[in-house]
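The values are calculated or read from the model by the stated rules, or taken from the named source; none is laboratory data. Please read these numbers as outputs of a predicted model, since none were measured by experiment. Positions of Cβ are backbone-derived with ideal geometry, glycine not excepted, and every protein chain shown enters the neighbour counts.
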Amino acid sequence: MGVADTGFRITHESLAPLLRTTVNLVDGSGDVSGDEGHGTAVASLIEQGDASPALYLAKVSSDSDPGRAATNVLDHSVGYLADEGARVINHSWSGRANAPSPSASYLGVNSLESLGRIVNSNDGLGSVYVVAAGNDGKALQADRPIHQYDDIYSRMLIVGGSVRDEGDIRLATNSNHPGEDSDWQARFLTAPWRQTAADASEDDAYGVWAGTSIAAPQVAGYAAAMISLWPHLDAATVSQLLLDTADRSSSLYQDESCGEGGDINCGYYYLGQGEADLDAALAPAGSLALASGSHLDEGTQSLEQSLVQLSGAYGDSLASSGALADVAAFDELGRDYRIDLSGHSFRRDSHEARQRSRMSRLSSASPDQRQELRGSAGALSWSTQRDGHGETLASRLDGRFGRSDWTLTRFAGDEADPASAYAESGIMPLLAFQGGSDLTRGLGTVHGLRNDYALTERATLQARHWMGDGAEWGAALDEEYQASRSDVGMRFELSPQLGVSTTVGVLDERHGLLGGQGSGMLTLGERNRTGFASLGLDARLGRHWQAFAHYDRGRGEAEGHGFIQHIDIARVEEMAIGLQRRGERHTTAFAYRQPMRIGSAEATLSVPVGRTLAGEVITEERSVSLSPSGRQQEFELGYRYQTQRRGAVGFNLNHTVEPGHDRDARSDTTLLLNYEVAF
């Protein structure tokens, strides 16, 4: 901040901490003492907002003629301060609306050239030139108006003084104003006419000052506040932004009766573009966006495009990690703002919503209750599941050809797989197994094929493949999710009642990982692969008992091209156990289930935190664990009694510990009672 004024009391507490250098442009020394009142008050007002700009103080008055400065010395001070690196220059002197004579000079430097230094100084960024309008209570007039030099004028701000009249913004009585001239109106602002400022009598003295000399440094301080936050902004942009965001709420802007002809808008006539508003100037221009490359010139993506919707396997790990907090987003002017993107990482659904959906699927009174239809013809058999609306949600076709058993499946992604260990166990409907797995819930329709080839009486080769595309509700994530899984393994019949199977497989995902989906700068990678190993057990003990157990464990990694650069999954696992006793009328089942959970994984993120002067995006590397804080476990007891009169009564009692894999979540207990009768 350059201030060219009378002398300065540089030991005053409002100036000393900010002082960079001093110069006396009258005698060529560094002594700026003497005639200190006006200059000290003006310089004390440049610290606005959170900015504390360094002060370049230039004394332009002579001790022999206090309070006055030669016009050519003032012109020279502009170029001098611009060359010294001042990004903002304040002149609280009247008459600055006049351009210098083409022949005017000082110390051998042409005055017009001195003013022109604000255009290309500071490596082309220029300097904002703020001048006081004057205190004559008149419209601005100039014999040689400075606005004829557009390159200079486009970096200038002329400041008048405003007061409040019952909350309405008005021009101070003695402040000059733009009048009818649209050129003066275009670069005219106001700031408070009266303000507390430093008093040069003591180092800690203050007093109340008034005038456009006091209004101007407030606006200069606003410009400095913007540049201190965003030094890439040039002088023309900063000055225009202050004009564009000025407060035009004054009732004068509703009055069209000013000027000699009575047809000029009074707001522009007296206040120009309005009262400068720092908060409005600091607010983002347009919508914030995220940098899509290493340089802002490479483009941006809107915040709405950058989302990550995670499956239950992640729990609350990413959103609660803080890794997406304090991220730099950019406005249309390339200004960076720190935002929190944690809300852009969300779970597919809550435990409560999922539990309600499960209950509706088992409730006899709900149209969402699943009804199963079975049929067969020769070597073929089939089954379908429909809801009360008649919509087919899952289907299965089985056929035996020689030593091979073939199974075709088709099911909605949020439905239980009709070829899963639970579905094949014959265990009664249980809440814990309603709905799709975390790997398929993000898919619309899943198609599967399985082949069991008998190698011997007790050994069977198993191979299975399923694939699906993203669900319609995932359209907000503009990169369509696709997933497929292939498994191969063996099943050994240890006895007629007991079988054990083991498989290895690969899950391939496009634009997702473990059922999670990302888009924009939160994409989870183009193509990812996770390897799995599974162990299963099925048993039928006598006429009444049956059981199954299944354990799935995997590891993999993902490479992203957005903020999420790499994910290393060391362990992901899920487990299910079911046991049932079926009698002639009574059926009782018990189940334990741990949904898919990331046991150990680490994500490496490259997060933007700012920008350089040249527009390069400054990034910060962050590492975060993707292992959720808790471990969801479900325990369920199911019971059904078939009455003699074509009726049935039953219940499902489900208890869930740490739902959503959230350690702090309260345990949940669900009871579903069903009674039905055929008549």
Could you please give the count of residues in the stretch 396-435 that are among the aliphatic types (A, V, I, L, M) and more than 24 Å from residue 549 (Cβ to Cβ)? 3
Single condition residue 230 does not satisfy, out of (1) closer than 30 Å to residue 343 by Cα; (2) in contact with a Leu (Cβ under 7 Å, 6 or more places away or on another chain); (3) among the aromatic types (Phe, Trp, Tyr): (2)
Got a sec? Which helices (runs of 4 or more DSSP H) wholly within the stretch 166-273 have at least 1 residues that are in the same structural domain as residue 45 (by TED's automatic domain parsing) and aromatic (Phe, Trp, Tyr)? 182-186, 212-229, 266-271
Quick one: which helices (runs of 4 or more DSSP H) sit completely within the stretch 46-154 and have at least 1 residues that are touching a Gly at 6+ places or on another chain (Cβ under 7 Å) and under 23 Å from residue 276 (Cα atoms)? 111-120, 150-153
Does residue 566 satisfy the condition of being closer than 30 Å to residue 305 by Cα, assigned to a strand (DSSP E or B) and assigned by TED's automatic domain parsing to the domain that holds residue 350? yes
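Condition check ((1) in contact with an Asp or Glu (Cβ under 7 Å, 6 or more places away or on another chain); (2) buried (at least 20 other Cβ atoms within 10 Å of the Cβ)) across all residues:
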| residue | (1), (2) |
| --- | --- |
| 111 | yes, yes |
| 117 | yes, yes |
| 121 | yes, yes |
| 127 | no, yes |
| 130 | no, yes |
| 178 | no, yes |
| 197 | no, yes |
| 200 | yes, yes |
| 205 | yes, no |
Single residue of the stretch 552-576 satisfying the filter (under 16 Å from residue 508 (Cβ atoms) and surrounded by fewer than 18 Cβ atoms within 10 Å (Cβ to Cβ)) that is farthest from the chain's Cα centre (by Cα): 555
Could you name every one of the strands (runs of 3 or more DSSP E) located completely within the stretch 578-679 that has at least 2 residues being at pLDDT 95 or above and more than 26 Å from the chain's Cα centre (by Cα)? 586-611, 633-642, 647-657, 668-677
Any idea which of 184, 193 is buried (at least 20 other Cβ atoms within 10 Å of the Cβ), farther than 18 Å from residue 253 by Cβ and of a type in the set (Phe, Trp, Tyr)? 193
Considering every residue within the stretch 358-381, establish whether at least one is crowded, with 20+ Cβ neighbours inside 10 Å, out of contact with any helix residue (DSSP H, G or I) (no Cβ under 6 Å at 6 or more places or on another chain) and assigned to a loop (DSSP other than H, G, I, E, B). no
In this structure, does residue 398 turn out to be closer than 23 Å to residue 467 by Cα, acidic (Asp, Glu) and in contact with a strand residue (DSSP E or B) (Cβ under 9 Å, 6 or more places away or on another chain)? yes
